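A short worksheet on the structure shown next.
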Number of protein chains: 2
Amino acid sequence: MKSFKIALAQFSPRIGNIESNVQKMIELANEAKQQNADIIIFPELSSIGYPAEDLLLRPSLSKRTAQAFEQLNQVQDIMLVFGFVNQNEQGQRYNSAAVLKDGQVLGVYNKQNLPNYSVFDEKRYFQEGHQHLVFEYQGHRFAVLICEDLWSLNSIQQLSQLQVETVLCLNASPYEVGKPQHRVQSIQSVSKELHLNIVYCNQVGGQDDLIFDGSSFIMNHTGELAYLAPSFKEYLAVVDYDLESKCFQSKDSATALETMAEIYQSLVMATRDYVTRSGFPGVILGLSGGIDSALTLAIAVDALGADKVQAVMMPYTYTAAISIEDANTQAQRMGVTFGVAEIHPIVNSYLQTLYPFFGNIAADSTEENLQARSRGTLLMALSNKFGNLVLSTGNKSELAVGYCTLYGDMVGAYAVLKDVYKSIVFELAKYRNSLEETPVIPERVITRPPSAELRPDQKDQDALPPYDVLDAILYAYIEEDQSQEDIIGKGFDAATVKKVIRLVDINEYKRRQGAIGPRISSRAFTRERRYPIVNEWPAGC
Amino acid sequence: MKSFKIALAQFSPRIGNIESNVQKMIELANEAKQQNADIIIFPELSSIGYPAEDLLLRPSLSKRTAQAFEQLNQVQDIMLVFGFVNQNEQGQRYNSAAVLKDGQVLGVYNKQNLPNYSVFDEKRYFQEGHQHLVFEYQGHRFAVLICEDLWSLNSIQQLSQLQVETVLCLNASPYEVGKPQHRVQSIQSVSKELHLNIVYCNQVGGQDDLIFDGSSFIMNHTGELAYLAPSFKEYLAVVDYDLESKCFQSKDSATALETMAEIYQSLVMATRDYVTRSGFPGVILGLSGGIDSALTLAIAVDALGADKVQAVMMPYTYTAAISIEDANTQAQRMGVTFGVAEIHPIVNSYLQTLYPFFGNIAADSTEENLQARSRGTLLMALSNKFGNLVLSTGNKSELAVGYCTLYGDMVGAYAVLKDVYKSIVFELAKYRNSLEETPVIPERVITRPPSAELRPDQKDQDALPPYDVLDAILYAYIEEDQSQEDIIGKGFDAATVKKVIRLVDINEYKRRQGAIGPRISSRAFTRERRYPIVNEWPAGC
C-alpha cells in the first residue's frame, strides 16, 4: 500500500470525433504522467462526447470504438479511467467506463442509472448495467460510477458496504445556475456519512444548447472538499492521496464564482464553443441601443475577440437618437466593426407592395413586424455575403411571451440570452460593467426604460407587466410548474397572471422555430420543456 | 355464454382536453349502445390524447383524471375499455387502460412495453407495468394490451397460455407509408399461430408532426381479417362475435388504399387538423408556378375548402411567364383567392441599402436569398394582417440538402411536404390530377424541369443530382442509416454521394428552425432524427 496521485482531466470533447478525443486523452495522459500521476480519470463518454444523441445509432460506432481502444492501449505506466459506448454483439449499447492499464482492460463498468427526464434521453440509447465495478490498485479500494449513479443513494450505499475507499465518478453534468456549488454540497454529506472519497470529473464545454461547466472536485470521506477545479475551462489537475491521513491533499483549488460571474462566464464559453466549432470566422449582430443586444455584444467580444465581431445598427423612424448614440459608443469602446443601415426604404417598399392588399386598414403589429423582418433580412444578407454567424439577441422573458418577431429579431443561429430572464440581463450588464474602469455598456442603456422602438414612444411596459413581476410569474409557471391558481394565490394580480400564462401557451410555435441558445436555468425551452404545439390543455392547470 | 357485439371507437382526441375527450367518449358509448354493443373500446390514452408530451408532468393531471372517471361512471349498460394516465400516490405514472362497467372499475391494465425509440419517449413519462389483465365477460375470455405490448411476442404468448380468446388492444400507432397494411399483415400470423382474436383500435387525427391513421381492425384467430376500419377519419364500427364459429363477423370493411391515395389523404387530414385545431380561419401560401406549391395548394383546398385558402404569386425578374400563367390557372381551377405582388422594388431597396457594405462584390446566393426572404416577409405580413396561417411548401429532398432559404421559402407554421421526397411530390401531383376530369394542377407544372427561379435559366439539376438519384441516396442515408461507403458500393457516383451526405450533415441548423410538418416516412427529421447541430462525426460513417 502506498500513496498515489490522481489526475482529473476536465476536458472538452468534440461530439462524435472519437479520433480527436482519443488523441487528446493520450496527450493528457502523457501530461499527467509527467506530473507523476498514477491514475487519470476522464469525463463520462469521454471518447465520443456528451450528448452524441442519434449519432449513437450510426452503424460505424463499434468499429470506431474498437480503434479507440487500440490507440489507448499504447499508453503505458498510467491507469486510464475513461468513458465509451460499450456495444455488445446483439447491438445493445451501454454507457460505460473502462479501466485500462498498459493495454490491459482491468474492468468495464456499465452505468446503472440512466436519466431519461429533463434534458436527458439516455434510455433512448442505452441499456442499464446491473453490476458494480470494484477494484484494488496500489492497495487502495476503488469503485467506478457514472454521473446519475452518484445520485442514487442505493448505488453508493452498496459501494460503502463493499469497503470501497474512493469512488471514481465520470460525469457529463449540464450546468445550471448554482449547480457547481449544489453538487459539492449534496455530495458532502453523503461522502461523510458513508466514509467515501469521491473523485468527480466533469465534462466542460458548450454543446449546442447545453453547457458543461466542469467544476470537477475531490471530496474526502471526512466531508472536506480536497480540491475544486475551475469552471468553464479545460483543466488537468493532479492531486495527491496521503496514506497517513487517508485523505486527498488540498492544493490550489479554484474559488467558487459569484452568481453573475458564473452565468456570464457560462454564456461566454457556450458562445465561443458554438461559433468556433461550427467553423464560422466570426459573428454579426444587430445592435439596437437596447440592453439585450448590448449584453450580447459584450459576451460575443469576450468569447471571440473584437476582431471577430461585427455590429450593425438598423434605425427607423421610431429609433431614438440616443439609441444610435449609445450603440455607437459601445461599439467604439469594444473596438468592433460597426455599420449603420437605415431601413426606411425597405419598409416603405414593403408597404407600397402591400397597399393593394391592405388598403387603408389601420396599422397594427403587422407594420411593426415589417421593421423587425427588414432588419433580420439585412443581417442574414450580411451573414451570407461575409460568412459571419448571426447571433440572436432576445431574452427568455420575451421569448416566453412571444414579445419578439419570428424571422425578424429572432433570426440567427445562436440566441445567447435565450434562457436568461430580462431581470438577469440587467444584472449581467451591471456585472460586465463592473469589470472595467470605463463601463463597456453605456450607463444609459441600462437605466432607460426598455423599448422595442417599433412605434412612437413605445415602452415594453405598455404591453407587459414590469419585468420583475413578469419574470416572477414566468419562473413560477415554467421552472416550478405551478398552476395559475397557485401563482395568483401568491399575491400576483389575477388578470396579469392569466394574460402571461396565455401568452406562454400560445407562443410555443414561435419558440419552436427560434435559434438554439445556452441553457442556464432548471427548465429551458425546447429540449427540456417538450410541449405539443397544438393542444387544448386548460390554461395554467 | 352468448354472442356479443363490440364497438371500435376510432376517434380523434384533443390533446390535453380531458373534459372534451370524455364528453366525446360518452357520446360514442351512447351511439354504440343504440347499435346494441356490449363493449366499446377506445384508443390508447384516449382521455388525454397521444402524445401529450410534457403536459403529462403538469400538477393538475390526477385531479382531472379523477373527474373523468366520475363522468364515465355515469355510463350504464355498456362496458368501456379506455386509456388514461394512472398516477399513484408517489406520483409515478402508468400508461393504462381501465375496464369500466356501470360505474365499477373491473380492472386496470398498466402498459408493460414502453417504446422509447423513433418518435416515442414513453420512458420519460411512464413506469412499466408488470401484470396482465385477463377477465371474463359473457362467458368469453378477454385480455387488454396497449400498442407496443402487441409487438412483444413474449406478452402475447403469455396471453395465449392464459387461455385468452380475444385481445382488446388500445393503440396510438403513428402512420407511415404502408403502415396500415403492415400492421394487419404482421398480426395475421401471430393471431393464427396463437389462436387469438385481436381487436385493434387506433387513434386517428393529426397531432403536430404525427399522423394517426386509424385503420383499426379485427383479426380472427383463424388469421382472417374480420373487419377493417377506414383510414384518416373518425369511425364507430360495431362488430358481432358469433358463438358458433367463434369468430367476429365480417361486415362492410374499408378497402385498403393505394399508396398515393394513402399518402395524399394522410397529408390532407394532417393539414386540416393542424390548421383548425390551432384556431386559424384559413391559410395563405406562396404559389410559384412550381410543383411543390401547386401540390400544397391542392392539399390545402382539399383539407379546408377553397374559401379558406389564399394564394399569392410573388414574381421577380427570373420568374418565367409560364410560371405566372400556371399559378393563375391553378388558382382559378381551384377557386381560391389569388393575388400578385411583384418583389422588384423590395429586392432593389435591399440591394441599395446593402451597397455601402457589398460594394461591387459579385452576386452569389446572398442575392438569391434576398428574393426568397422578401417573399417570406410578404407572406408573413399578409398572415399577420388577415390572420391566415402560412403554409410552407418545401419538400423533404430540399430540406435534407438545404436547397431552401431559412426565413425565406421556409417561413410558415406548417410544412405540408416536409417529409415527402420530391419524387413522391410528382407522383402525388399526378394522383391528385387523376381524380378529376380537368386536372387541377396544370400539366406543365408537372412536366417542366424544376427550378427555384432565383437566377436566369436556373434549374434544380444544375446544383443537385437528378431527383431520382438524389432521393435514392437520401433514403439510404436517412431512412436506412447506411454509410457513405455502402451507398457508393450500390453503384452511385462517389462524388455525388459525398456531396449529398455533406449537405445533409451541414444543414441540421437550418432544419432545426424549419416549421413542423406531417411525418409519413420511417425517419422524419427533428423528432425522430435527433442529431446534434455541432458535431464532428466523420461524414457518412
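By the count of neighbouring beta-carbon atoms within 10 Å, fewest first, A:375, A:511 end up ordered A:511, A:375. Annotation for the range B:1-76 versus the range B:265-280: alpha-carbon center distance of 22 Å.
Percentage of Cα-Cα pair distances in the range B:66-115 greater than 15 Å, rounded to whole percent? Above the 15 Å cut-off, the range B:66-115 has 47 percent of its Cα pairs.
Residue-wise HN-Hα couplings along the range B:234-242, as the Karplus relation 6.51 cos²θ - 1.76 cosθ + 1.60 with θ = phi - 60° gives them from phi, are 5, 7, 10, 10, 10, 10, 8, 9, 9 Hz; Gly and Pro carry x. Three principal axis extents describe the C-alpha atoms of the range A:368-440; from largest down they are 36, 32, 19 Å. With one equal scatterer per alpha carbon and no solvent term, the Debye-computed log10 I(q)/I(0) for the range A:80-214 at 0.12, 0.14, 0.15 1/Å reads -0.48, -0.66, -0.77.
Sum up the charges of everything whose Cβ sits under 9 Å from the Cβ of residue B:322, counting Lys and Arg as +1 and Asp and Glu as -1, but leave residue B:322 out. Summing Lys/Arg as +1 and Asp/Glu as -1 gives 0. Taking Lys and Arg as +1 and Asp and Glu as -1, the other residues whose beta-carbon sits under 11 Å from that of residue A:156 total -2. Dimensions of the range A:268-333 based on its C-alpha atoms, expressed as ranges along the principal axes with the largest first, amount to 38, 19, 18 Å. Computing FRET efficiency as 1/(1 + (r/R0)^6) for residue A:363 and residue B:499, where r is the C-beta to C-beta distance and R0 is 51 Å, gives about 0.60. For residue B:4, nonlocal amide neighbours, meaning residues 5 or more places apart or on other chains whose placed amide H falls under 5 Å from its own, are B:241. When DSSP beta bridges are restricted to pairs lying wholly in the protein assembly as shown, around 55% turn out antiparallel. By the helix-only formula, in which each DSSP H run with n ≥ 4 contributes -39500 (n - 2.57) and the sum is divided by residues, chain B has a 222 nm mean residue ellipticity of -11500 deg cm²/dmol. Two-decimal Rg/Rh of the range B:4-256 from alpha-carbon positions, Kirkwood Rh? The Rg/Rh ratio comes out at 0.93.
Shape class of the range B:427-534 from the Cα gyration tensor (axes a ≥ b ≥ c, square roots of the eigenvalues): prolate, since a/c reaches 1.5 or more and a/b is larger than b/c.
The angle separating the long axis of helix B:422-434 from the principal Cα axis of greatest extent in chain B is about 80 degrees. Taking a Cβ cut-off of under 13 Å around residue A:232, the surrounding Lys, Arg, Asp and Glu residues balance to a net charge of -2, with basic ones at +1 and acidic ones at -1. Gyration tensor analysis over the Cα atoms of the protein assembly as shown returns equivalent ellipsoid semi-axes of 45, 42, 28 Å (largest first, whole Å). Specify whether the C-alpha gyration tensor of the range B:49-149 places it in the rounded, prolate or oblate class, a ≥ b ≥ c being the square roots of the eigenvalues: rounded for a/c under 1.5, otherwise prolate if a/b is larger than b/c and oblate if not. Oblate. Of all DSSP bridge pairs formed entirely within chain A, close to 55 percent run antiparallel. 5 Å is the cut-off here: which amide hydrogens, built 1.01 Å from N in the peptide plane, fall below it relative to residue B:310, excluding neighbours closer than 5 in sequence? For residue B:310, whose amide H was placed from the backbone, the distant partners under 5 Å are B:283, B:284, B:285. What is chain A by shape, rounded, prolate or oblate, if you read a ≥ b ≥ c off the alpha carbon gyration tensor as root eigenvalues and call it rounded for a/c under 1.5, prolate for a/b larger than b/c, and oblate otherwise? Prolate, since a/c reaches 1.5 and a/b exceeds b/c. Mean sequence separation of contacting Cα pairs (under 8 Å, at least six apart), scaled by the length of chain A, corresponds to a relative contact order of 11 percent. By DSSP, the beta bridges lying fully in the range B:4-256 are antiparallel in about 70 percent of cases. Ordering of B:4-14, B:122-132, B:20-30, A:42-52 by packing is A:42-52, B:4-14, B:20-30, B:122-132, highest average first (other Cβ atoms within 10 Å, averaged per residue). Couplings 3J(HN,Hα) of the range A:492-502, computed from phi: 6, 4, 4, 4, 5, 4, 4, 5, 4, 5, 4 Hz, in residue order, whole Hz [Karplus 6.51 cos²θ - 1.76 cosθ + 1.60, θ = phi - 60°; x for Gly and Pro].
Footprinting exposure proxy ranking of B:403, A:200, fewest other C-beta atoms within 10 angstrom first, gives B:403, A:200. Computed from Cα positions, the angle between helix B:321-334 and the longest principal axis of chain B comes to roughly 30 degrees. Neighbour counts of C-beta atoms inside 10 Å place A:147, B:541 in the sequence B:541, A:147, starting with the fewest. Legend: mean number of C-beta atoms from other chains within 10 angstrom of residue C-beta atoms, peptide A:117-126, equals 3. Taking the centroid of alpha carbons for each part, the range B:414-483 and the range A:116-145 are 48 Å apart. Cα axis of helix A:259-277 to longest principal axis of chain A: angle in degrees, 0 to 90, nearest 10? Compared with the principal axis, the helix lies near 90 degrees.
Per the Kirkwood formula applied to alpha carbons, the range A:255-380 shows a radius of gyration over Rh ratio, Rg over Rh, of 1.08.
Read-outs: derived from the displayed coordinates by stated rules, not from any lab. Model, not experiment: these values are computed from the prediction. FYI the Cβ positions are ideal-geometry reconstructions off the backbone, even for glycines, and counts take in every protein chain you see.
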